[in-house]
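What follows is one structure encoded as structure tokens, with my remarks underneath.
The values are calculated or read from the model by the stated rules, or taken from the named source; none is laboratory data. The structure displayed is predicted, hence computed values, not measured ones. Positions of Cβ are generated from backbone atoms using ideal geometry, with glycine treated the same way; all protein chains shown enter the neighbour counts.
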Amino acid sequence: MTDDIVTRLRERGEWDTHPMGGREWFPDELCEEAADEIERLREEVNLWMGAAERFAESHPQYEAFRYYFRAKTK
């Protein structure tokens, strides 16, 4: 996704003159931390969604969970 929030956060920063000459990109540290946290949380959500789907498959009385999580990912 090129319009993804993580991509936009990682693009924030500024060009500045490097002490040894030339120009260097300095990313915005707060935006970098926010992007890292979003990626970490996305991985955790995926982990728990997978666990919920496996639970729903092994316990048919909780099948509604499977439909709920499939709807949330679309």
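Brief remarks follow.
- If you go through segment 16-57 and pick out every residue that is part of a strand (DSSP E or B) and under 19 Å from the mean Cα position of the chain (by Cα), you end up with 1.
- Only residues that are touching a strand residue (DSSP E or B) at 6+ places or on another chain (Cβ under 8 Å), surrounded by 11 or more Cβ atoms within 10 Å (Cβ to Cβ) and at pLDDT 80 or above were counted in segment 9-52, giving 6.
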